[in-house]
Structures are given as C-alpha cells and as structure tokens.
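Nothing in this text is a laboratory measurement; each read-out follows from the coordinates by a stated rule. What you see is a predicted model, and the numbers here were worked out from it, not measured in a lab. Neighbour counts are summed over all protein chains in view; Cβ atoms, including those assigned to glycine, are modelled from backbone coordinates with ideal geometry.
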Amino acid sequence: MSAVSAAPDRTDTRAGTARALLSVNNIEVIYDHVILVLKGVSLKVPEGGIVALLGANGAGKSTTLKAISGLLRTERGDVTKGAIEFRGEPIHRRNPNEVVRHGIVQVMEGRHVFEHLTVEENLLTGAYTQGGARTKPDLEMVYGYFPRLKDRRGFRAGYVSGGEQQMLAIGRALMAHPRLMLLDEPSMGLAPMLVQEIFEIVARLNREENVAVLLAEQNATMALRFAQHGYVMENGRIVLDGDATTIADNEDIKEFYLGLTGVGQRKSYRDVKHYKRRKRWLS
Amino acid sequence: MEFFFDLTVNGLLVGLMYALVAVGFVLIYKATSVINFAQGDLVMFAAYGAAVMLGLGWMPLWAVIPVLATGMVALGFVLERGILRPLIGQPVISVIMVTIGLAFVLQGLAAILWKAGTRELPLPVRVEPYVVGGVFISPINVVAAVTAILSLVAFGLFFTRSRFGIAMRAVADDQQASMTVGINVRRVFALSWAIAGIAAAAGGLIWGNMLGVDTFLALVGLKVFPVVILGGLDSILGAIVGGLIVGLVESIAAGYLDPYVGGGTKDFVPYVLMILVLFVRPHGFFGREIIERV
C-alpha cells in the first residue's frame, strides 16, 4: 500500500529523546530459516510511556512483540539482524523466562489464561519469578485494579467471561512487577464498553505503577487515544511513526485504519466492505 | 460375608499400591503430556536398586531409602535430559515409541547389571497377617497403604500450594503462556521426571517386597493403564480412585469367578472395566475435560 508514504524514521523522535527503556534497532526476523517476516523494524519505548503499534492483520505486530519477549524462538523464529536493547542491555538472545526476569512481560493475543487453574492460581503463576516473598500484597494490588477478579478468585479461569480473562491476563503479568508490558490485542473479541474499561485500567497502571506499555492493536482509534506515540506497521516494516495525535490526524491512517473519510465522518458500511474486498484481491 | 469383606479390604489395600505407581505416570503426563510406558520399568529398576543395596549389607534400610530416592531422581533427570528433551515438538507417537523402547532398555539393563534371578527385598515388616474381625490383613499391605496415602497427600499439597506445583500445572495447561510469566518450562519437565523417579522408588520398595525383585516386576506398570484411564490421565485424585476401583474389582472378580474359570480373572477384568469406562467417560472420572467456550 503505497498510500502511506512516510519513510521509517530512525532518527530521534520525541519518544526517542526521552530515555529509551526499550529500543528495537533494525531487526530482521526469519521463521524456519527461510520466511522473512520482519524487514528492519526499529522502535523505541520511553520509560513510563505508552506506545501503540498499529497495523492490519499479518503486518508483523505480534511477531515484533514476540521478538522482544523471546517467545519467537519457541516458534522456530529467529532475530537474524539488528538488536533489541532493554535498559541498554541486549536481550534478543535471551529465553522468555530470562526476559521476564529483566522486567518485560508479554500479555499474549487471545489472553492465554491457564484455563484449568483458578483465577487466583493464575495470578500466583505470574509471581513465579518473584520467589514468593511479597505474594500477598501483590495479589491485593492486582485485586485493587481489577475488583472483578477478586469476586471470581475461586473460579476456574476457563469459565470466566472474555473480559475477565483479559483482566486476568493483565493482572497475571502485573504480578511479575514488569517495567514494560507488551500488550497484544487486548481488545480482541470484547464489547466496546469493556475495551474502554480495560484501556483505562492500563492507563492507570501506567501512571501509578510506572509500567511502560507497548500496545499492539487493530483498534487504532482506542489505542491512539491512550498512547503518546504510535508506529504503523505494514508487511513487516514500520511505515509511519509519530505522536499519537499526529498519527490520528493523518489522512491515510484515517482512511485505512480508522475507517473515516477526509471529512471525519464514518464511512458507510458498504464502502468499507468494498475497500476491504479490494484490498484482499490486490495485496 | 466374611469372604466378601476380606476381598474388599485386601482389594482396596492393593488398589492403593497401584495408585502409588500410577501417580508417577500421572505426574509425567500432567506436566509434559508424555505417555510414559516405562513407568513400571522405573519401579522395577528402583526395586533392583534397593534389593542390591540391601543385599550388599553396607547400609541399613533407613540409609538405603534416601540413597535410592536420590538415585531415582538422578535417573529421572538423565532420562529427561538425554531422551525426552530432544523429542520436544516431535509427534506424540514418536515419544510414545521412545518410552516403549526405554522400557525394554531398562529391563535389559537390569538383567545385564544384576542377573535375571529373583532377589529378595526384605523390609522390617511382620509377615504374619493381622486378623481384624475375621479379615486377614497382611502388614506389608498396611505399610503400603500408609505410604501411598502419605505420598498422595504430599503430591496433592505440592500441586495446589507450592510455587513449583502450580507452575507445573500451568505448564500442563499452556506452555507458551507459562513462558510469558517467566516459568522455565524445561526445568519443569526435568522436575516432573525427577518426582516420578521418587514415586517409582516408593513403588519399587513396596512391590519389590511383595513380589520379589526380577524383571517381571515391570508388569505392575501394565496395571497402571486401567488405573489412570479410569481415574483420568492427569488427575492425582483420579489415580487414587482408579487404583482403589481396579484393586477392588480385580480382588472381588478373582474371589468369585476364579473357582469357575480356573484362575486368571484378575488379569483381564480391570481391562474390561477400562473399556467400559472409555465408552461413557473418555476423560476418566477426574480427567481434565476440555473447556470450550462458545
């Protein structure tokens, strides 16, 4: 899609000038030794910031997050070029459990709660790297942010609602005291009201617990409302980056990701459908 | 009626001993999803180890037990590291074939190392049975039952209370998600084989004492299948209940049917029961049902 024309900006952006907590430098990811998935992705997450990673299905958002968390290596993927640094330390050769100990926790797409464990046991697994010293106050902290989980603490996680599972996945990540949380599609399959509620809690976590957030989302409107900075991905590349407000105002972004026309009105459903059909055939 | 009580009590006691062996199997299946056909052979190996150490007469029993447990833990680690870990990500059938192969290797190894003749594994337990209300109870059965109950309770607590236990259940549920919370999945795999080694050590001591130690001891492993399929492949509670049912059913069947058919009933009745249970409850009584959300 050539319409989004801004080149990948590798010089310091506003997010980059603050002390970068995470910096991903020009990484290339190859699956199964042959399939090139990410082609030179660079991004930065500042200390205590919220950064949105936008893009359509298959653009490479999840792969980027998995490259950071180390989960990629369990899926036969590998970072073949570039580097990922967290607080100045290279982490792209680390196993997922070591990355968690460094302070990065990923909340996977599709929530991935432990279905046969109770809600509370799920939270306890989150504290695995903490050695069990402050488990009680940490549990109370998570229940403070997600009171619904407290009501459901004895239920098996497989039987609570989708929204509660998403809260549980975030709460479980919180138990590891992360400095950076990688959120992959937290809005997936949830009612708009719930999405709003979850995003607000994430914003509170960001402010009150000083957790930086890298947020991969298809729901660009919602993501840009909470993020300070945004990156847009397409076909394994970053094609645009800038302030959240700048991105939200970008005509192409409005057109392609927010479903708005230039005048700021929602496109009629027929047009959207037409556009989607065309996109699939052409690309 | 006395005959019936006798069969019931002794069946249940033997059932607990089956449960003890089944627990090792369940542990491995629960954490690593590997169906371990060599569990009976681990039991046999442990029994040989105990019999040889006691036979040398260098150590008293109380010293042999920790040495045996340590040895079996080490064996568990070695098997996991050397044989099972390279197979992570391979088809289930390959892993199953490897554990079957492992079973034969262990039998062969035991025969080479310690000769095939039957050895005794003497435990300081009274041989003459207790008589309680006309029911004959063999003291070793009581020891076995107490050991089984204690270790089953310990395993139960481990899985619900301890950090490692909960981590093991998490790994059984979703390996990728457990990596994202910082669990070292490989360490959990190794740990489950080590614990299965301890369960095999307990089983080996007791079964070795009851039946004598030779390579045929590995056949108790075959009884594990009806037990775990009745109870559910991944449930500790299921292993206990399954063990009790199998013990009870085979004891009663043998008591009442053997005189008519001339013996051998107890070897096949548990399997008939297993097939019947598979018809109605494919996950067993306590097995993990697959949670589906619509």
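Under a 5 Å amide H to amide H cut-off, with H placed in plane at 1.01 Å, what residues pair with A:Leu38 once short-range neighbours are removed?
A:Val29
List the aspartates and glutamates whose Cα lies under 15 Å from the Cα of B:Lys115, skipping any in the same chain that are fewer than 8 positions away.
Within the straight-line cut-off, B:Lys115 pairs with B:Asp214.
Calculated FRET efficiency, B:Val67 and A:Met193, Cβ-Cβ r, R0 41 Å, to nearest 0.05? Show your work: numbers first, answer last.
Details: r = 62 Å, r/R0 = 1.52.
Efficiency, from the Cβ-Cβ distance: 0.05.
What is the order of A:Leu38, B:Leu75, B:Leu42, fewest Cβ neighbours within 10 Å to most?
Details: A:Leu38 28, B:Leu75 21, B:Leu42 31.
In order of increasing Cβ crowding within 10 Å: B:Leu75, A:Leu38, B:Leu42.
Amide H of A:Val239: which non-local residues (sequence gap of 5 or more, or other chain) have their own amide H closer than 5 Å, using H built in the peptide plane?
A:Val232, A:Met233, A:Glu234
Give the order of A:Thr63, A:Thr129, A:Thr135 when sorted by the count of other beta carbons within 10 angstrom, beginning with the fewest.
On the way: A:Thr63 23, A:Thr129 20, A:Thr135 16.
Going from sparsest to densest Cβ surroundings: A:Thr135, A:Thr129, A:Thr63.
Distance cut-off 26 Å, Cα to Cα: go down the list A:Lys81/A:Lys254; A:Lys39/A:Lys66; A:Lys61/A:Lys150; A:Lys66/A:Lys150 and report the pairs above it. Could the numbers behind the result be given before it?
Working: A:Lys81/A:Lys254 33 Å; A:Lys39/A:Lys66 15 Å; A:Lys61/A:Lys150 32 Å; A:Lys66/A:Lys150 30 Å.
Beyond 26 Å: A:Lys81/A:Lys254; A:Lys61/A:Lys150; A:Lys66/A:Lys150.
Springs between alpha-carbon atoms under 10 Å, Gaussian network over chain B: tell me which of B:Tyr18, B:Tyr271, B:Tyr130 tops the mean-square fluctuations.
B:Tyr130
How many angstrom lie between the C-alpha centres of segment B:116-191 and segment A:18-50?
The two parts, judged by their Cα centres, are 46 Å apart.
Enumerate the calculated ³J(HN,Hα) couplings along segment B:54-68 in order (Karplus 6.51 cos²θ - 1.76 cosθ + 1.60, θ = phi - 60°), each rounded to whole Hz, writing x wherever the residue is Gly or Pro.
With coefficients 6.51, -1.76 and 1.60, one gets 5, x, 5, x, 7, 10, x, 4, 5, 8, 5, 4, x, 5, 4 Hz.
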